[in-house]
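Engineer: Before I ask anything, here is the structure I am working with.
Nothing in this text is a laboratory measurement; each read-out follows from the coordinates by a stated rule. From a predicted model like this one, the values you see are computed outputs, not experimental measurements. We place every Cβ from the backbone using ideal geometry, glycine too, and count neighbours over all the protein chains shown.
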Amino acid sequence: MAPEYLAHGQLTEKADVYSFGVLLMEIVSGKQNNKSQVAVYTDSLLIEAWKHFHSETVEELIDPNILLHSNQYRDTIVADISRVVHVALLCTQENPLLRFPMSKTLHMLLKKDEQLPMPTKPPFTDEKTMELNGMCEVQCENYNATSSCAATISETSVYWR
């Protein structure tokens, strides 16, 4: 879920682009975002992709089923999928202003010879904090060291019939 939607409930084109980036990552990896197979804390799919991207080990992120019968074209497929991961990381940048419109995102996927900008880190990369684009600073800027600032968390549960 896009951080601005979590923080402000805003559904925008940029939130859709964020979701598209997550979907691309799920397709490439064969994993669901934030679905851990173990009881202990593990990185989200986006954080895992970010780490592989920066260590240039994107091939380790790719679903093995995609590469199963690709011996002849393996290098080309890995290069194409690495580009998809790069675009997905551009879609899931923390700051919505840095995310490209959907039309540009699709253009980047199709134009393989076009140079892509480096993405900034995805949101929630620090498990102890959630930056949410300066939300707390805006709401708490008038408070000094002796003041307090309250935060509200609400939860909604949906029970299917």
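Engineer: What does the charge add up to near residue 17, with Lys and Arg as +1, Asp and Glu as -1, over the other residues with Cβ less than 10 Å from its Cβ?
Structural biologist: +1
Engineer: Taking K and R as +1 and D and E as -1, what net charge do the other residues with C-beta under 9 Å from the C-beta of residue 101 add up to?
Structural biologist: +2
Engineer: If you don't mind, another one. Pop out the ³J(HN,Hα) list for the range 78-89 in order, Karplus 6.51 cos²θ - 1.76 cosθ + 1.60 with θ = phi - 60°, rounded to Hz; leave Gly and Pro as x.
Structural biologist: Listing the rounded values in order: 4, 5, 5, 5, 4, 5, 4, 4, 4, 5, 4, 5 Hz.
Engineer: Restrict the search to the range 11-114; then list the chymotrypsin sites (Phe, Trp or Tyr not before Pro) that DSSP places in a loop and that have at most 16 other Cβ atoms within 10 Å of their Cβ.
Structural biologist: Listed in order of number, the matching sites are 41, 73.
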